[in-house]
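The values are calculated or read from the model by the stated rules, or taken from the named source; none is laboratory data. Values in this document were obtained by computation on a predicted structure and should not be read as measured data. Here the Cβ is made from the backbone with ideal geometry for all residues, glycine too, and neighbour counts use every protein chain on show.
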Amino acid sequence: MTTAATDTLSATEGEILRVAPREDLFSRAMRSGRVVWGGGIILVIALASVLTLFFTLNESSALYYDRQNAELARVAPKAWPPQAWYGYDNLGRSIFARCLLGGTISMGVGTAAATISVVLGVIVGLIAGYRGGWIDSVLMRSVDVLYGLPYILLVILFKIAFERPLNELFGNAQAANLVVLFSAIGLVSWLTMARVVRGQVLSIRSMPYIEACRSMGLPQGRIFTRHVLPNLIGPITVYATLTVPSAILQESFLSFLGVGINPPLPSWGSLAAEGVGQLSPIRFYWWMLIFPCMLLVVTLLSLNYMGDGLRDIFDPKREAAKL
Amino acid sequence: MLQMALWRIAQFPLILAVIYLLTFTLAWVAPGNPFANEKNMDPTVIANLEKRFHARSAGEFLWHYPKNIVLHGDFGPSMQYREWSVNDIIFASLPVSVALGIFAVAIATFVGVGVGTLAAVKRGGFLDWTSLSIALIGISLPSFVTAALLLMFAAKTKIVPAGGWGSVSSAILPAIALSLLPMAYIVRLTRVSMLDVLGSDFVRTARAKGLSRSIVVWKHCLRNAFLPVLSYLGPAAAFAMTGSFVVEKVFNIPGLGQHFVNSVLNRDRTLILGVVLVYSVFLLTFNLLVDIAYAWVDPRIDVTARKE
């Protein structure tokens, strides 16, 4: 997949015509409209959230996420100043600022959890696919069993079990909360990646060129790093891109249920929960609900869109459920 | 097939034991004592409570709990709601969650298969593009967002009740909210497998022999294209059961979801274990039924053959 498909036709001696362009992964990815649009939107949202961190975490800034002001409670959005763009919540805090910081936290936790699950899934998949035999059966059987567990419950239990020890370890309650949250989500999300990697390793191992390498005497380590691993990067990238939105979704679920990010730190899920909490038939403060939900949906949509585009590039003949 | 079913049922106790041990470890490692949550209690009272719950030590609980279940079918009293037993709590709320889940999966299947088939038949048309967009949005929209929006809609227009439980109409909105994600997957699955089947030779033969398009698609192709959807129903049921927590919270439905979360927050260990075990049994049974149905629907499938 990473070999250059350069076709050279020598028309005359000394004159080489390039017929087909060099097909490397990045340029292929950039040609796909889905990747460009999806990735572009994600980039905009991520940059906006991260670059304003200086303001949202700064207590003296107008965009401070916890700047409570009783007079501004539940005020509707206005065109100016910027912190009024999304209106204010029950305590007079700027929802715009909270959405920005919430974006950093939600996307950060989602990405960290996805990283953990990718690393774990790749390791398990590699071992299962490469060693085969009883290790493979045991690992895959445990994956099957773990698939049947109620993951939300395990995440909540894990979080409750390890939050206080981590708090004592770090000395910082918020850091402990974030670490335990993305660890818990990551630890329950690695199953699909393990299956995909194992399937890919098995199919690569049975290829003739690997057999040729072995018969030429290439050491196992060399075969692994030069032939197996480069061909794994494609599917791993794709499923990593698809794991991030599912991790963000799980974090928002947990925050919605009240067992995710601890207040006053915002996350899109907890902001949505606050918005739902004040729904009443008498008066509906739509800005408290609509903006976090909209940001969440747009982010997830773009990530899924981009993941779909990448999947069509790298794995067009996939047999694993064409979802 | 009977052999496969029996072999799978024989594996239940092993899987349940693993689940029990895992949950037990996590539940007991979690700091916090369910009996010491309220005001300062007399040490003798705490000792008596611990004796009643066989919770003097983790080891004692580990042994007594499954013994109780296997011998008496009793999940023990709830540590948080002292007058209630876990049996009562679970059996009061389980039917609600199950009904909601079945309703949601049914909606997802019927609508999803319909839309997916139409999208495949009229390929490249407007319906095709719409169905794929709906599928993408369904995957990206968290169920609490959909539930909240539906709740707003219900509160404003008052067509259907917006919450509570008791009549069939109060189950419509929560079921719709819960069904969107499985529906998205089912639409995609049906569309792809239907496209595969529509290119088969037997379809060409049937049309050449004069059968109408509707009969060919809905009577013959659908049966073949349905198989991937059938095998997806297992994970769909799992999702319906866990996703119902959020929906139940938004619509105020007295299902099992609230007990799931509250039991963990209250460190109510008997309730946690009861809920997890019931949930796992449900899931394992449902997956087994789906596998049996899969083998039964397609006689060409040989389930006794060992997979690679």
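Of all residue pairs spaced 6 or more apart or on separate chains, those with beta-carbon atoms under 8 Å, a first member in the stretch A:274-298 that is in contact (Cβ under 8 Å) with a residue 24 or more places away in the chain and a second member that is part of a loop (DSSP other than H, G, I, E, B) and of a type in the set (D, E, K, R) are A:E274/A:D89; A:Y285/A:R74; A:M288/A:R74; A:M288/A:D89. Note on the stretch B:231-277: residues that are more than 10 Å from chain A (Cβ to nearest Cβ) and of a type in the set (A, V, I, L, M) amount to 10.
Only one of the numbered conditions (1) in contact (Cβ under 8 Å) with a residue 12 or more places away in the chain; (2) under 24 Å from the mean Cα position of the chain (by Cα) is not met by B:V216, and that is (2). Count of the stretch B:273-298 residues, restricted to those that are free of Cβ contacts under 8 Å to residues at least 24 places away in the same chain and not in a helix (DSSP H, G or I), is 0.
Table: residues versus (1) more than 26 Å from A:V297 (Cβ to Cβ); (2) among the charged types (D, E, K, R); (3) not in a loop (DSSP other than H, G, I, E, B).
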residue: A:F54; (1), (2), (3): yes, no, yes
residue: A:Q68; (1), (2), (3): yes, no, no
residue: A:A76; (1), (2), (3): no, no, no
residue: A:W80; (1), (2), (3): yes, no, no
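For the stretch B:153-189, a residue qualifies if it is within 13 Å of another protein chain (Cβ to nearest Cβ) and over 23 Å from B:L136 (Cβ atoms), and the qualifying residues are B:A154, B:A155, B:K156, B:T157, B:K158, B:P161, B:A162, B:G163.
I need the full set of residues from the stretch B:254-280 which are touching a Leu at 6+ places or on another chain (Cβ under 7 Å) and over 20 Å from B:V29 (Cβ atoms), in order please. Listed by number, the residues that qualify are B:G255, B:L256, B:H259, B:V278. Looking only at residues of the stretch A:186-213 that are among the hydroxyl-bearing types (S, T, Y) and closer than 18 Å to A:G133 by Cβ, we find that the one that is surrounded by the most Cβ atoms within 10 Å (Cβ to Cβ) is A:S203. Applying the condition of being surrounded by fewer than 16 Cβ atoms within 10 Å (Cβ to Cβ) and part of a helix (DSSP H, G or I) to the stretch B:208-230 and asking which residue is nearest to the other protein chains (Cβ to nearest Cβ) yields B:R223. All told, A:L254 meets the bar of being modelled with pLDDT of 85 or more and within 21 Å of the chain's Cα centre (by Cα). Condition (residue is at pLDDT 80 or above and outside any helix (DSSP H, G or I)) applied to the stretch B:144-162: is it met by at least one residue? Looking for residues that are at pLDDT 80 or above and outside any helix (DSSP H, G or I), one finds none in the stretch B:144-162, hence no.
One line per residue, one yes/no per condition, for (1) of a type in the set (S, T, N, Q); (2) free of Cβ contacts under 8 Å to residues at least 24 places away in the same chain:
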{"site": "B:A99", "(1), (2)": "no, no"}
{"site": "B:S133", "(1), (2)": "yes, yes"}
{"site": "B:L136", "(1), (2)": "no, no"}
{"site": "B:A148", "(1), (2)": "no, no"}
{"site": "B:V160", "(1), (2)": "no, yes"}
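Looking across the stretch A:158-191 at every residue that is part of a helix (DSSP H, G or I), away from chain B (no Cβ under 11 Å) and free of Cβ contacts under 8 Å to residues at least 24 places away in the same chain, the one that is nearest to B:I272 (Cα to Cα) is identified as A:V180.
Reported count of residues in the stretch A:132-153, each being more than 21 Å from B:F282 (Cβ to Cβ) and either exposed (fewer than 12 other Cβ atoms within 10 Å of the Cβ) or modelled with pLDDT under 75 (or both), is 4.
Please go through the stretch B:67-121 and pick out each residue that is in a helix (DSSP H, G or I), of a type outside the set (A, V, I, L, M) and over 15 Å from B:S244 (Cβ atoms).
Pass one, the stretch B:67-121, residues in a helix (DSSP H, G or I): B:67-72, B:86-121.
Add one more test, that the residue is of a type outside the set (A, V, I, L, M), and what stays is B:67-68, B:72, B:87-88, B:91, B:93, B:95, B:97, B:101, B:103, B:109-110, B:112, B:114, B:116-117.
Within the stretch B:67-121, B:K67, B:N68, B:H72, B:N87, B:D88, B:F91, B:T109, B:F110, B:G112, B:G114, B:G116, B:T117 qualify.
From the list A:S280, A:S270, which one is of a type in the set (S, T, Y), within 12 Å of another protein chain (Cβ to nearest Cβ) and not in a helix (DSSP H, G or I)? Criteria check complete, one pass: A:S280.
Counting only residues that are within 8 Å of chain B (Cβ to nearest Cβ) and either surrounded by 24 or more Cβ atoms within 10 Å (Cβ to Cβ) or assigned to a helix (DSSP H, G or I) (or both), how many does the stretch A:244-260 have?
The total comes to 6.
Residues that are in a loop (DSSP other than H, G, I, E, B) and closer than 30 Å to A:L242 by Cβ do occur in the stretch A:83-94.
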